[in-house]
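Working notes, structure below.
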Amino acid sequence: MEFGESAADREFRIEVRQFLAEHVTGEVRERMRRTGTLHDADFARAIAAKGWLSAAWPARFGGREAPPPNLAILYEEAARVGAPMNGVLGTQLVAETVRSWGSEALCDAVLPAAARGELVVALGFTEPDNGSDVAAAKTRARRADGGWVINGQKMFTTLAEIADLVFVLARTDSEAPKHRGLTLFLVRADTPGVEVRRLASLGGETTNVTYYTDVFVGDDWVVGEVNRGWDVLSTALLFERGAQGSFPAEAASVLDAHLTWARERHGLGLPSPLDSAVSRHRLVTAMIEVEVARLLSQRAVFLTRLGRPPAVEGSMAKLFATETYQRMCRMLMEVSGPAALLPHGDSESVADGAVEHAFRHCVVETIAGGTSEIQREIISRHGLRLPRAATA
Amino acid sequence: MDLTLTDEQRQLRASYEELFERECPITEVRRAEAEEGWSPRLWKRLADAGITELGMPTARGGQGAELLDCTFVAEAAGRHLAPVPLIDAIAAGRLLGRLESIPAEVDGIVSQTTIAVSPEPIGAETCRLVPWGAAAQSLVAYDDRRVLIVRRHDAVSRRPEMSGGAVADWKLDDDTVRTTTIATGSEARQQQDLLAADLAALSAAWLVGLAASALDLAVAYTSERRAFDVPVASFQSVAHRLADLATAIDGARMLAQEAAWTIDHDHDRGLSLAGMAVTFAAATALEAATSCLHFHGGYGFMLEYDPQLYYRRAAAHALLYRVARHTDALVDALSVDGGN
């Protein structure tokens, strides 16, 4: 057991930091703020060109058939600097799922473009009437000649406004039990019948509701077997565990920015949260919790890398890190005074608006990717093996 | 980060757990509380197994264990509420092991006596409310000028306190004590920082053990006990609180282990990590013990049930080992250098 970083990991971290410093420019950030789209085509191509994400893939699909670097470090560092990773992560999730479940033809259609950083895939699991209960999806796919016809709606299809494909979960057998009649499709976003409507969110990030009216999808674009969508989805969600270091990294970066701001003011003799023992105590509590969140997340990443899917440990990491982040954001607002309300660009804002933005943005994290309540169910029923309540 | 335990570490953990399971059943904890406040019998077993000398380097006749490995035994002790000054002896052994030379009169003190550590500086020639002070024949004491080993033949009388331990005051200007100075000046200050860090990391592990044990008790009881025709644990209001606890306990354990590992790898961060670890572990342990008691319903505060044993000890351990001093140090550091 050891808590340090291996030489190879440290080297990779330095390389990643250099890359991010070069490519996450002020201009890229401004564009993200203005559009709410956390994707940047140039950035995506540049990161793809490094070959980190596709390293393990077969050469014929654009990979190098080499052991991949510790990608958790990339996700962590990218979160720390607020890199435009939404598209990169979503596409990577789908690419890895296609690599495990897709046909040769589908791999050919998806992986080389993904390896070049020229493909954006949006995720279409959630619907207006169901969130955490993913398997309750009502979107239907009906058999047609040579493929399927999809009708329904998907909620929070983030990046659909620019995406090439949407990864759509649809019901293909309405007679089968809830989890057995689902199938995953890759739907071209420009297919007739696909309609995208933008939704603005509190954190400034754009998302969408997408409508599907008699959308035809060829058989080649089914991911995995028909009616085994739940198993395919489980692989996809497992991928998210490997990227879990991003939650505490984001929290740590906001805390660091706040402390730098507070220290600077303190040094200049201006009022600062560091003047107050109560505020300092609260900041120390946050420092401790962020470190605990980092450790729990590192454990989930460690288990993922060992090939041991961290179901319970992953839920613990997600739960603790996101709840900590929210508690911390509330505290940072409270200790900073009314200047905490000022946005980025106002010279008197706290840490150039980092705290104000984090306070608005952090709320999504205990909801997306499985709410805190879902995580607590997993921990208590699978981890602690507590008896389950009878469900209706 | 590599969280894989070596085969040796795995065996050590299992053997510690097995030893405490056998030698320190909850009846022994209750007996100790009712009688002398600690368990000389358990202490003898631990000494026979060499565990009290874990922290002493092999060159000085000890086991030379790394602090991380010592956290495993501290956690097992906490899990069984072991009423013995084990983490004190380990920290004292490590302290003596760091010194270039040890005065002959205190050489072998860790193996020959029951040793306690006063976790706050000497005040007015007295070490007050020393955890296990009434069990000890020797004591590590310090202030900002010196680190001392204090010895005495007759036992100091036990001060009644909430957790029923062997707490006592040691007066250093008493004729019956003999004091030996083992470090002075800047070395004394450095050694007491290292001693405090070791004791904090070990305390954190001990509290994690207590918390884990309290959680186990709550899980077992709420899975068994029925209300409204269903197991109590099937209610989400109960299950989700236990899930939060399980998460915090895993995090507290990792932080204690990280602190212990970092201290041994000579990273400056070890000292502040130890303070963070014990601060978090103390809060987690008290929360776990409180929830455990609460989820036992009315039985939780009956003396014949066990939750109250955990509840009192979770609070007492944090207070007696002066966890607030570590938290204060972190808060002070933030005002001076902005933290980190």
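Looking across the range A:127-154, the residues that are modelled with pLDDT of 95 or more and under 19 Å from the mean Cα position of the chain (by Cα) come down to A:Glu127, A:Lys154.
Residues checked against (1) closer than 18 Å to A:Ala79 by Cβ; (2) touching a Ser or Thr at 6+ places or on another chain (Cβ under 6 Å); (3) in the same structural domain as A:Ala277 (by TED's automatic domain parsing); (4) free of Cβ contacts under 8 Å to residues at least 60 places away in the same chain:
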| position | (1), (2), (3), (4) |
| --- | --- |
| A:Val312 | no, no, yes, no |
| A:Ala339 | no, no, yes, yes |
| A:Asp346 | no, no, yes, yes |
| A:Val350 | no, yes, yes, no |
| A:Thr366 | yes, yes, yes, yes |
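One residue alone among B:Thr4, B:Thr27 is exposed (fewer than 15 other Cβ atoms within 10 Å of the Cβ) and assigned to a helix (DSSP H, G or I), and that residue is B:Thr27. Does A:Phe3 satisfy the criteria of being surrounded by 15 or more Cβ atoms within 10 Å (Cβ to Cβ), within 14 Å of chain B (Cβ to nearest Cβ) and either of a type in the set (A, V, I, L, M, F, W, C) or over 22 Å from the mean Cα position of the chain (by Cα) (or both)? So A:Phe3 fits the description; yes. Considering the range A:287-381, the qualifying helices (runs of 4 or more DSSP H), each wholly inside and each with 3 or more residues that are in contact with a Leu (Cβ under 7 Å, 6 or more places away or on another chain) and within 14 Å of chain B (Cβ to nearest Cβ), run over A:311-336, A:372-378. Those strands (runs of 3 or more DSSP E) of the range A:147-237 in which at least 3 residues are over 21 Å from A:Arg99 (Cβ atoms), considering only elements entirely within it, cover A:147-155, A:194-200, A:206-218.
Based on what the data block shows, is A:Glu76 of a type in the set (Asp, Glu), surrounded by 23 or more Cβ atoms within 10 Å (Cβ to Cβ) and either closer than 25 Å to A:Leu296 by Cα or in contact (Cβ under 8 Å) with a residue 60 or more places away in the chain (or both)?
yes
Among all positions in the range A:253-262, there is at least one residue which is touching a helix residue (DSSP H, G or I) at 6+ places or on another chain (Cβ under 8 Å) and over 23 Å from A:Ala83 (Cβ atoms). Of all positions in the range B:292-314, none carries a residue that is within 13 Å of chain A (Cβ to nearest Cβ) and either basic (Lys, Arg) or under 25 Å from A:Ser276 (Cβ atoms) (or both). The residue that is farthest from B:Ser157 (Cα to Cα), counting only those in the range B:30-66 that are polar (S, T, N, Q) and in a helix (DSSP H, G or I), is B:Thr58.
If you go through the range A:240-265 and keep only what is hydrophobic (A, V, I, L, M, F, W, C) and assigned to a helix (DSSP H, G or I), you end up with A:Phe247, A:Ala249, A:Ala251, A:Ala252, A:Val254, A:Leu255, A:Ala257, A:Leu259, A:Trp261, A:Ala262.
Identify all residues within the range B:223-252 that are in contact (Cβ under 8 Å) with a residue 24 or more places away in the chain and either closer than 30 Å to B:Ile90 by Cα or within 7 Å of chain A (Cβ to nearest Cβ) (or both); write none if there are none. Scanning the range B:223-252 gives B:Leu242, B:Leu245, B:Ala246, B:Ala248, B:Ile249, B:Gly251, B:Ala252. Of the strands (runs of 3 or more DSSP E) that lie entirely inside the range B:123-166, those containing 1 or more residues that are closer than 16 Å to B:Arg322 by Cβ span B:126-130, B:138-142. Restricting attention to the range B:86-128, the residues that are under 15 Å from the mean Cα position of the chain (by Cα) and farther than 16 Å from B:Leu46 by Cα add up to 5. Being more than 14 Å from chain B (Cβ to nearest Cβ) and closer than 24 Å to B:Ile249 by Cβ is not true of A:Pro387. Annotation note: Cβ proximity below 8 Å between a residue of the range B:14-26 that is under 18 Å from B:Gly37 (Cα atoms) and a residue that is surrounded by fewer than 20 Cβ atoms within 10 Å (Cβ to Cβ) (sequence gap 6+ or interchain) occurs for B:Glu23/B:Arg41; B:Glu23/B:Arg45. Scanning the range A:185-211 for residues that are free of Cβ contacts under 8 Å to residues at least 60 places away in the same chain and hydrophobic (A, V, I, L, M, F, W, C) yields A:Phe185, A:Val194, A:Val196, A:Leu199. Within the range B:297-306, the presence of a residue that is assigned to a helix (DSSP H, G or I) and buried (at least 23 other Cβ atoms within 10 Å of the Cβ) is excluded. Scanning the range B:167-176 finds one or more residues that are buried (at least 21 other Cβ atoms within 10 Å of the Cβ), assigned to a loop (DSSP other than H, G, I, E, B) and either touching an Asp or Glu at 6+ places or on another chain (Cβ under 8 Å) or away from chain A (no Cβ under 14 Å) (or both).
The values are calculated or read from the model by the stated rules, or taken from the named source; none is laboratory data. Treat the numbers as computed from the prediction; the structure is a model and nothing was measured. Neighbour counts are summed over all protein chains in view; Cβ atoms, including those assigned to glycine, are modelled from backbone coordinates with ideal geometry.
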